[in-house]
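Written below as structure tokens is the structure these notes are about.
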Amino acid sequence: MEQKDIVLDVRKLNTSFISDGATVHIVKDVSFQLERGKTLAIVGESGCGKSVTVHSIVKLLPQNARFTAEQVLYRRLDEKTGGITEFDLAKMDPKGKEMRSMRGADLGMVFQDPMSSLNPVYRVGDQVAEALMEHNRGMKKSEAREKVLQMFRNLGIPDPERRIMDYPHQFSGGMKQRVVIAIAMINNPEIIIADEPTTALDVTIQAQIMELMKELQLNMGKSIILITHNIGLVAEQAEDVCVMYMGRIVEFGSLEQIFENPLHPYTKALLRSVPVLGLADDQKLETIPGATPNPASLGVGCEFADRCPERSEACSAKNVPAYEVEPRHRVRCIKFSQFKEVD
Ligand SMILES: Nc1ncnc2c1ncn2[C@@H]1O[C@H](COP(=O)(O)OP(=O)(O)OP(=O)(O)O)[C@@H](O)[C@H]1O
Ligand SMILES: [Mg+2]
């Protein structure tokens with residue numbers, strides 16, 4: 001794969017929070033590559049650091065957060081010339097002009113809890129138009145309106161001429177979520193970061209919205225980071241999968257590699273805990289035994305060791321690096337130490 005085909009190259013991202021004078025390390029040495037035009041899913045139990053990882057990338061972290069990274073390299077493609085410009089987001093001032101223009105224009109964001117991303121006192125059409133005009137100073141109001149209407153049409157919002165005049169409370173959950181996606185997509189960003197974009201919605205609407213995002217991605221060559229608890233959604237949407245546990249990527253691979261040949265005991269447990277089509281009524285789902293440990297009180301070694309059915313003494317002896325078991329397929333588990341270390 002050529003470098004220009006990697007739109008986002010994250011290396012050794014670390015984020016901690018300081019609370020009550022103590023520092024808790026939440027995201028640990030996270031490295032991954034997002035391929036241009038592809039969807040990368042990030043999966044893992046609640047609290048493992050998925051949201052903090054993407055908030056770190058776009059540099060929207062609270063005051064008590066500490067962030068470092070070797071690089072968060074974004075490669076912008078000029079569609080006309082085919083040229084690439086590189087930006088290291090890790091080096092940018094979170095509040096600076098450059099980072100602010102990057103958000104929205106290059107990085108579209110659909111965050112968890114979309115209902116709070118809309119301002120209740122402004123008309124939905126104005127909110128989308130404002131996102132557009134913020135990055136296109138001097139654009140005529142009439143032109144902005146036309147673009148907003150077009151986006152509403154693309155997103156399947158019926159009767160857009162009338163609906164742009166509505167306030168958020170006049171929209172159903174699914175329609176509000178479309179408005180949030182419209183805001184994320186109106187500036188035609190290269191990367192869309194979708195953090196549980198459909199969790200709050202019922203299953204049919206979820207499927208519709210994901211289908212829309214997939215369509216936009218295919219038609220416009222966008223790259224997506226999709227965070228979700230829904231493994232079915234991963235199977236439908238993603239080309240690559242990152243499995244996170246306690247702030248680390250424990251396994252990375254293509255959808256086929258992860259689903260057909262899961263290597264990490266945590267990945268295997270995660271996949272076993274998912275309903276399988278055709279599961280008999282009396283066949284109980286397996287849940288992963290044990291609870292996630294407290295991030296503030298972790299020792300050395302593999303974070304999953306306590307819950308792992310395949311653990312050995314070696315697991316808690318030292319921090320475990322990632323090993324590349326087959327091309328692109330990496331796993332952070334001592335059982336694979338005969339393979340090449342990759343970080
Ligand atoms: N502002 C903060 N201050 C202190 N700790 C925080 C802060 N924000 C997040 N954390 C901690 O970071 C950890 C990871 O949180 P994060 O929201 O990234 O999890 P997640 O994987 O997105 O979970 P979910 O699937 O529930 O959304 C949690 O233990 C959380 O308590
Ligand atoms: Mg989250």
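The values are calculated or read from the model by the stated rules, or taken from the named source; none is laboratory data. All values derive from a computational prediction rather than experimental measurement. Reconstructed Cβ throughout: ideal geometry from the backbone, glycine too, with neighbour counts over all protein chains shown.
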Discussion item. Any residue at all in region 251-268 that's among the β-branched types (Val, Ile, Thr), within 16 Å of ligand 2 (Cβ to nearest atom), in contact (Cβ under 8 Å) with a residue 24 or more places away in the chain and out of contact with any Cys (no Cβ under 7 Å at 6 or more places or on another chain)?
Written reply: no
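Residue-wise test of (1) charged (D, E, K, R); (2) assigned to a loop (DSSP other than H, G, I, E, B); (3) on the phi > 0 side of the Ramachandran plot; (4) modelled with pLDDT under 95.
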| residue | (1), (2), (3), (4) |
| --- | --- |
| Ile249 | no, no, no, no |
| Phe252 | no, no, no, no |
| Val276 | no, yes, no, yes |
| Leu279 | no, yes, no, yes |
| Leu285 | no, yes, no, yes |
| Gly290 | no, yes, yes, yes |
| Val300 | no, yes, no, yes |
| Asp306 | yes, no, no, yes |
| Arg330 | yes, no, no, no |
Worksheet item: Could you say which residue among Ile225, Ile186, Ile164, Ile209 is in the same structural domain as Leu40 (by TED's automatic domain parsing), at pLDDT 95 or above, under 22 Å from Gly37 (Cβ atoms) and among the β-branched types (Val, Ile, Thr)?
Response: Ile225
Discussion item. Can you say whether Asp195 is within 16 Å of ligand 1 (Cβ to nearest atom) and either touching a residue at least 12 places away in the same chain (Cβ under 8 Å) or under 19 Å from the mean Cα position of the chain (by Cα) (or both), as far as the supplied structure shows?
Written reply: yes
Discussion item. If I go through region 135-158 residue by residue, how many of them are loosely packed, with under 15 Cβ neighbours inside 10 Å and in a helix (DSSP H, G or I)?
Written reply: 6
Discussion item. I'm trying to understand the selection: among the residues of region 74-130, which are in a loop (DSSP other than H, G, I, E, B) and either within 21 Å of Lys59 (Cα to Cα) or among the acidic types (Asp, Glu) (or both)?
Written reply: Asp78, Glu79, Met92, Asp93, Pro94, Lys95, Gly96, Asp106, Phe111, Gln112, Asp113, Leu118
Worksheet item: So which residues in region 232-247 are on the phi < 0 side of the Ramachandran plot and either within 16 Å of ligand 2 (Cβ to nearest atom) or of a type outside the set (A, V, I, L, M, F, W, C) (or both), if there are any at all?
Response: Gly232, Leu233, Val234, Glu236, Gln237, Glu239, Asp240, Cys242, Val243, Met244, Tyr245
Response to the item:
Those residues of region 55-71 which are closer than 25 Å to Glu236 by Cβ and near ligand 1 (Cβ under 6 Å from one of its atoms) amount to none
Worksheet, complete the sentence: Of the residues in region 36-54, those that are more than 10 Å from ligand 1 (Cβ to nearest atom), part of a strand (DSSP E or B) and either in contact with a helix residue (DSSP H, G or I) (Cβ under 6 Å, 6 or more places away or on another chain) or basic (Lys, Arg) (or both) come to Thr39, Ala41
Worksheet item: Somewhere in region 317-326, is a residue crowded, with 19+ Cβ neighbours inside 10 Å and either closer than 30 Å to Glu215 by Cα or at pLDDT below 95 (or both)?
Response: yes
Practice prompt. Please enumerate the residues belonging to region 159-194 that are outside any helix (DSSP H, G or I) and either closer than 22 Å to Met102 by Cβ or aromatic (Phe, Trp, Tyr) (or both).
Written response: Tyr167, Phe171, Ile186, Asn187, Asn188, Pro189, Glu190, Ile191, Ile192, Ile193, Ala194
